[in-house]
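Structure first, then comments.
Throughout, read-outs are computed from the coordinates displayed, never taken from laboratory work. The structure presented is a predicted model; accordingly, all values stated were derived computationally and were not measured. Using ideal geometry, Cβ is built from the backbone for each residue, glycine included, and neighbour counts are taken over all protein chains shown.
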């Protein structure tokens, strides 16, 4: 990680746009992971299971979650916050994290929601749409944010 220090010796963290995006997404994932355990923010939290499509808990009354699902959000959050220390690490977080979300979206389309033996993560249609949006959005942000300014600076 490449956090830099300013002239006063303080660590400068998330100084580029791509780093700020990774940091913000990391914080959002942390909040979502925690919210998945909070009654009121998650309906039927007493029906949450560690893994499996049987979980009856719904984050914001919409997104089906389990303990494992919430832990994954927390891990994504920790990764986003940690990798926001460097621009290249932030870009990789967005691109590869987005690719993983697209795989999760495909999993949700073909495995989740039924009695398939590989169905261990609870997901409903709202989850599937969210995973598709996150995957595409994260990849596009990772590819395009900050690229053009670097090209212009090199040409000058």
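Things worth noting here:
- Shape class for segment 27-123, computed from the alpha carbon gyration tensor (a ≥ b ≥ c): oblate, with a/c not under 1.5 and a/b at or below b/c.
- Modelled label positions at residue 31 and residue 75, each set 7 Å beyond Cα in the direction of Cβ, lie 2.3 nm from each other.
- Per-pair calculated FRET efficiency, R0 = 41 Å: residue 41 and residue 88 via Cβ, rounded to 0.05: 0.75
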